[in-house]
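Below you'll find the structure, written out as structure tokens, and then a few comments.
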Amino acid sequence: MKLLNELFDNNQRWAERIEAESPDFFEQLSKQQNPQYLWIGCSDSRVPANDIVGLLPGELFVHRNVANLVVHTDMNCMSVLQYAVEVLKVKHIIVCGHYGCGGVATALGNEKHGLIDTWLRNIKDVYVKHQACFTDQLSEEDRTNLLCELNVIEQVHSISKTTIVQDAWNSGQKLAIHGWIYSIKNGLLKDLNVCLDSSEEVDPIYRVSTSDNAQR
Ligand code: CO
């Protein structure tokens, strides 16, 4: 017995529609992928990466996790980053958060939720770093949304600190890291204006020297 028939029906219609609009689409795509962008977004079901930016299969390399975090010890995220930068040679990395993120809101509280608390600890660290911005005048919603924005900016910097990205920059590869935030209330994106595209913008303590690269 096939379960979830409605999803298979949807799939059939979707594949037929794409083929009708662009014959041989899947056949051509099966030969290679050549995306220009890596998208790092939240797992939230209301933030569908390709749809938001109107890109087709093959155009966006995607990594999603709860609250769009880039943790340098996360093998999963680092592997995606390495493959995207070194093999696919994407030109842009987009960290896209969203207002009203449940992960971020939860990180602002003290309730116990199990394993996820360890993951969300990373967001508490972002809060502590910018604690002075969280004045008493802010409503709960404002506090969450401010931390959503700060969290995106922090992850952009986190990506810039990796040897993967710095090696690319040092070898002359064109690569920019962007921080965006999406509103689930109106479907629109906002650029947070944190675009990093060279090692000079990385705090010196995190810089990887180019001479070390040459010795390898
Ligand atoms: Co979220």
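Here are some notes:
- Distance-filtered residues of segment 143-176 - backbone nitrogen under 15 Å, label point 7 angstrom along Ser209 Cα→Cβ: none
- Residue-level accessible surface for Thr163, protein heavy atoms, 1.4 Å, Å²: 80
- Surface accessible to a 1.4 Å probe, per residue, for the residues of the chain, Å²: 59
- A Förster distance of 35 Å, applied to the separation of the beta-carbon atoms of Leu3 and Glu59, puts the FRET efficiency at 0.70.
- Of the solvent-accessible surface of segment 1-156, computed with a 1.4 Å probe and all protein chains present, 53% belongs to carbon and sulfur.
- Membrane-span-like helices in the chain (whole DSSP H runs, Cα extent of at least 15 Å along the helix axis, mean Kyte-Doolittle hydropathy of at least -1.0): 116-129, 140-160.
- Cβ-placed point charges (K, R +1; D, E -1), dipole of segment 113-199 about Cα centre in debye, nearest 20: 180
- Cα point-scatterer Debye curve for segment 1-144, base-10 log of I(q)/I(0) at q = 0.09, 0.19 Å⁻¹: -0.41, -1.20
- Lys, Arg +1 and Asp, Glu -1 on Cβ, resulting dipole of segment 35-215 about Cα centre, debye, nearest 20: 240
- Lysine pair count for the chain (Cα-Cα distance under 18 Å; residues 8 or more apart in sequence or on different chains): 8.
- Here r is the Cβ-Cβ distance between Cys133 and Asp74 and R0 is 35 Å; the resulting FRET efficiency, rounded to 0.05, is 0.85.
- Entry note, segment 35-215: relative contact order of 23 percent, from Cα contacts under 8 Å with a spacing of 6+ residues.
- Only helices enter the 222 nm calculation for the chain: every DSSP H run of n ≥ 4 contributes -39,500 (n - 2.57), and dividing by all residues gives -12500 deg cm²/dmol, rounded to 500.
The values are calculated or read from the model by the stated rules, or taken from the named source; none is laboratory data. Just so we're clear, the structure is a prediction, and the values are computed from it rather than from any experiment. Here the Cβ is made from the backbone with ideal geometry for all residues, glycine too, and neighbour counts use every protein chain on show. SASA here: full protein model, heavy atoms, side chains in, ligands and nucleic acids out. Shrake-Rupley method; radii C 1.70, N 1.55, O 1.52, S 1.80 Å.
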